[in-house]
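**Q** The following block contains the structure, expressed as structure tokens.
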Amino acid sequence: MNENKKENILLIAWAASLVSTLGSLYFSEVMKFIPCDLCWYQRIFMYPLVFILGIATIRKDTNVAMYSLILSAIGGAISIYHYSIQKISFLSNNAPACGRVPCTGEYVNWFGFITIPLLALTGFTIIFISSIMILRQKG
């Protein structure tokens, strides 16, 4: 893969992190949805990616892919768990207390399955796959 393609993939990863971050800020600051504890953990792994991938995109530095891979994998794992406790009744009934806002709550439930953790998982997945694509071409 030539450098230009890797830089385009890096731009896609940065765009996914930016859209995810702006989306979470929209839900909390405009819609006034109070984030639960698991939402905060997902934000901890997404928000830095905006800066890390943004600077890497400007500098055309594809060496950042390992860092974005790790952050997106951890954030994605949290998103999978969060989505699971929302949608799988056995997990929902046995989920530990999460804070003042329950992690099993669903502010958004579009089409019966699209919730905020699924939106976050989509962003993490795009970044994860982009990072793998860049790393596979590093050899």
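**Q** Kindly indicate which of VAL64, VAL30, VAL50, VAL19 is surrounded by fewer than 16 Cβ atoms within 10 Å (Cβ to Cβ) and in contact (Cβ under 8 Å) with a residue 12 or more places away in the chain.
**A** Of VAL64, VAL30, VAL50, VAL19, the one residue that is surrounded by fewer than 16 Cβ atoms within 10 Å (Cβ to Cβ) and in contact (Cβ under 8 Å) with a residue 12 or more places away in the chain is VAL19.
**Q** Tally the residues that are among the hydrophobic types (A, V, I, L, M, F, W, C), assigned to a helix (DSSP H, G or I) and in contact (Cβ under 8 Å) with a residue 60 or more places away in the chain, restricting the search to the stretch 83-121.
**A** If we filter the stretch 83-121 for residues that are among the hydrophobic types (A, V, I, L, M, F, W, C), which is where we start, we get 85, 88, 90-91, 95, 97-98, 101, 103, 108, 110-111, 113-114, 116, 118-121.
Imposing the further condition that a residue be assigned to a helix (DSSP H, G or I) reduces the set to 85, 90-91, 116, 118-121.
Right, trim to in contact (Cβ under 8 Å) with a residue 60 or more places away in the chain and you get 116, 119-120.
Number satisfying all stated conditions: 3.
**Q** Answer with yes or no whether ILE12 is free of Cβ contacts under 8 Å to residues at least 60 places away in the same chain and β-branched (Val, Ile, Thr).
**A** no
**Q** If you check SER79 against the conditions, is it small (Gly, Ala, Ser), touching a Pro at 6+ places or on another chain (Cβ under 7 Å), closer than 28 Å to GLY99 by Cα and part of a helix (DSSP H, G or I)?
**A** yes
**Q** Is one or more of the residues making up the stretch 28-37 touching a Gly at 6+ places or on another chain (Cβ under 8 Å) and closer than 23 Å to CYS103 by Cβ? First the steps, then the outcome.
**A** So the first thing to find is which residues in the stretch 28-37 are touching a Gly at 6+ places or on another chain (Cβ under 8 Å), and the list is 36-37.
Imposing the further condition that a residue be closer than 23 Å to CYS103 by Cβ reduces the set to 36-37.
The answer is yes, given that some residue of the stretch 28-37 is touching a Gly at 6+ places or on another chain (Cβ under 8 Å) and closer than 23 Å to CYS103 by Cβ.
**Q** Okay, moving on. Mind checking which residues of the stretch 52-97 are over 30 Å from ASN4 (Cα atoms) and within 21 Å of the chain's Cα centre (by Cα)?
**A** Within the stretch 52-97, ALA77, ILE78, SER79, ILE80, TYR81, HIS82, TYR83, SER84, ILE85, GLN86, LYS87, ILE88 meet the criteria.
**Q** Further question: Among the residues of the stretch 3-24, are any in a helix (DSSP H, G or I), among the charged types (D, E, K, R) and under 25 Å from ILE85 (Cβ atoms)?
**A** no
**Q** Still on this structure, please answer the following. Could you please find all residues in the stretch 99-121 being surrounded by fewer than 17 Cβ atoms within 10 Å (Cβ to Cβ) and within 20 Å of TYR47 (Cβ to Cβ)?
**A** Selection gives GLY99, VAL101, TYR107, VAL108.
Each value in this text was obtained by applying a stated rule to the coordinates, not by laboratory testing. Just so we're clear, the structure is a prediction, and the values are computed from it rather than from any experiment. Positions of Cβ are backbone-derived with ideal geometry, glycine not excepted, and every protein chain shown enters the neighbour counts.
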